[in-house]
Amino acid sequence: MKKTKFNRVHEKLGAKLVDFAGYEMPVVYTSIIAEHKVVRESVGVFDVSHMGEVFVRGEKALDFVQSITVNDASKLFNGRVQYSAMCYPDGGIVDDLLVYKVSDTEFMLVVNASNLEKDFAWMNENNKFGVELVDESDEYSLLAVQGPNSTAVIQKLTETTVEMEYYHFIKANVAGVDMILSRTGYTGEVGYELYFKGNEQDAENVWNAVFEAGKEFDIQPTGLGARDSLRLEMGYCLYGNDIDKTTNPLEAGLGWITKLKQEGDFIAKDVLSKVKEEGVTRKLVAMITDEKRAFPRHGYEITVNGEVVGHITSGTVSPVLDKPVALGYVKKEYANEGGTVNWKIRDKEIPVSIIKLPFVKK
């Protein structure tokens, strides 16, 4: 297993370390519920250095990004970030990703760790524009500082004003290190992601500086378990659960990033346009129940009158709502907000309501 440059820190803190996407990563330090709540109420810090950073460089960098992603990267300006996805020719999702516009001739694509090798191969296979593609994932460390007090924490560490709009980034010196400081995150809270290079000691120095700055806010280290429950409360998709090569962006509720009217083609544009025209056959929906003994898990069947109409893709008991919540695909005729379906758990059918996302309103 690979180890991030914070691995020694995680061991010292007594984190439970697990194999995640080929990395030894902290899933929990104290408890998932406690770590979840500290992010919702104050500020927590995630090591997400396993994420992949691929740089696209060249005169036709924009043309390449436009051709391989479904969102309209021509709308980006320097310092702007965009959520997007890459699709196979049949419309299935290769990966969801962040697109950073560094300059007219340089973009950074941040992809999921579990998909990095596959994604990089896909990018190279579809590089018809002569751009340079460089995987710098092993060079970068990445911390996600998330929560209502995250701005106050980061501001202590830099002379640069860090208040910025969501999905924007700057280059700044933070804790004595030059880095990309991005107003992004996958928790639904105000948050920042810190991309920087350096050795293990450099990484530990940044970690220690962040925690010293956050001491007055009772800043806490947070693991991948809380990251998953936080993103699920907001209804954010997780690759491998809610989206994959068998799902398309339109049925996954990602029509808002799929810009079918933009000029020029991107991979699967014709197929997705046809899906849009004909309508999807299933939809990813948000479900909730007051039945606290129900614990929804990936793969559980969703039924109506005994008929299987879909399956759960992600589920948990929301630490904020203290209710079971889940995402799942159901046939479109049963996907209406306000409708009722059932989760089949141990041969018992649990009635659940379909609601509008997010589960936790911000």
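Tabulated data for the structure shown
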read-out	value
Some residue of segment 137-149 being closer than 22 Å to Ile267 by Cα, buried (at least 21 other Cβ atoms within 10 Å of the Cβ) and either among the aliphatic types (A, V, I, L, M) or touching a residue at least 24 places away in the same chain (Cβ under 8 Å) (or both)	no
Wholly within segment 243-349, strands (runs of 3 or more DSSP E) carrying at least 1 residues that are closer than 30 Å to Asn126 by Cβ, out of contact with any Cys (no Cβ under 9 Å at 6 or more places or on another chain) and without any contact (Cβ under 8 Å) to a residue 60 or more places away in the chain	282-288
Test: residue in segment 21-31 that is out of contact with any Leu (no Cβ under 8 Å at 6 or more places or on another chain) and among the aromatic types (Phe, Trp, Tyr)	yes
Sole residue being surrounded by 23 or more Cβ atoms within 10 Å (Cβ to Cβ) and either among the aliphatic types (A, V, I, L, M) or on the phi > 0 side of the Ramachandran plot (or both), chosen from Val18, Val27, Val56	Val56
Only listed residue being farther than 29 Å from Pro148 by Cβ, in contact with a strand residue (DSSP E or B) (Cβ under 7 Å, 6 or more places away or on another chain) and not small (Gly, Ala, Ser), chosen from Lys60, Lys3, Lys16	Lys3
Residue identified as aliphatic (A, V, I, L, M), within 20 Å of Glu233 (Cα to Cα) and in contact with a Leu (Cβ under 8 Å, 6 or more places away or on another chain) among Val275, Val325	Val325
First in segment 32-51 and touching a residue at least 12 places away in the same chain (Cβ under 8 Å) and surrounded by fewer than 23 Cβ atoms within 10 Å (Cβ to Cβ), second anywhere and assigned to a helix (DSSP H, G or I) and of a type in the set (Phe, Trp, Tyr), Cβ under 6 Å, 6 or more apart	Ser42/Phe217
Residue within segment 180-202 that is of a type in the set (Val, Ile, Thr), assigned to a loop (DSSP other than H, G, I, E, B) and under 14 Å from the mean Cα position of the chain (by Cα) present	yes
Boolean, Val304 is surrounded by fewer than 19 Cβ atoms within 10 Å (Cβ to Cβ) and in contact with a Phe, Trp or Tyr (Cβ under 9 Å, 6 or more places away or on another chain)	yes
Pairs with Cβ under 6 Å, 6+ apart, first in segment 82-99 and assigned by TED's automatic domain parsing to the domain that holds Thr184, second part of a strand (DSSP E or B)	none
When residues of segment 350-362 are limited to those that are touching a helix residue (DSSP H, G or I) at 6+ places or on another chain (Cβ under 9 Å) and not in a strand (DSSP E or B), the one surrounded by the most Cβ atoms within 10 Å (Cβ to Cβ)	Phe359
Residue in segment 10-23 that is among the basic types (Lys, Arg), without any contact (Cβ under 8 Å) to a residue 40 or more places away in the chain and either more than 22 Å from Glu139 (Cα to Cα) or part of a strand (DSSP E or B) (or both) present	yes
Test: residue in segment 56-68 that is over 19 Å from the mean Cα position of the chain (by Cα), at pLDDT 95 or above and assigned to a strand (DSSP E or B)	yes
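The values are calculated or read from the model by the stated rules, or taken from the named source; none is laboratory data. Computed from a predicted model, the values in this text were never measured in an experiment. Every residue, glycine as well, gets a Cβ built from its backbone with ideal geometry; the counts of neighbours run over all protein chains shown.
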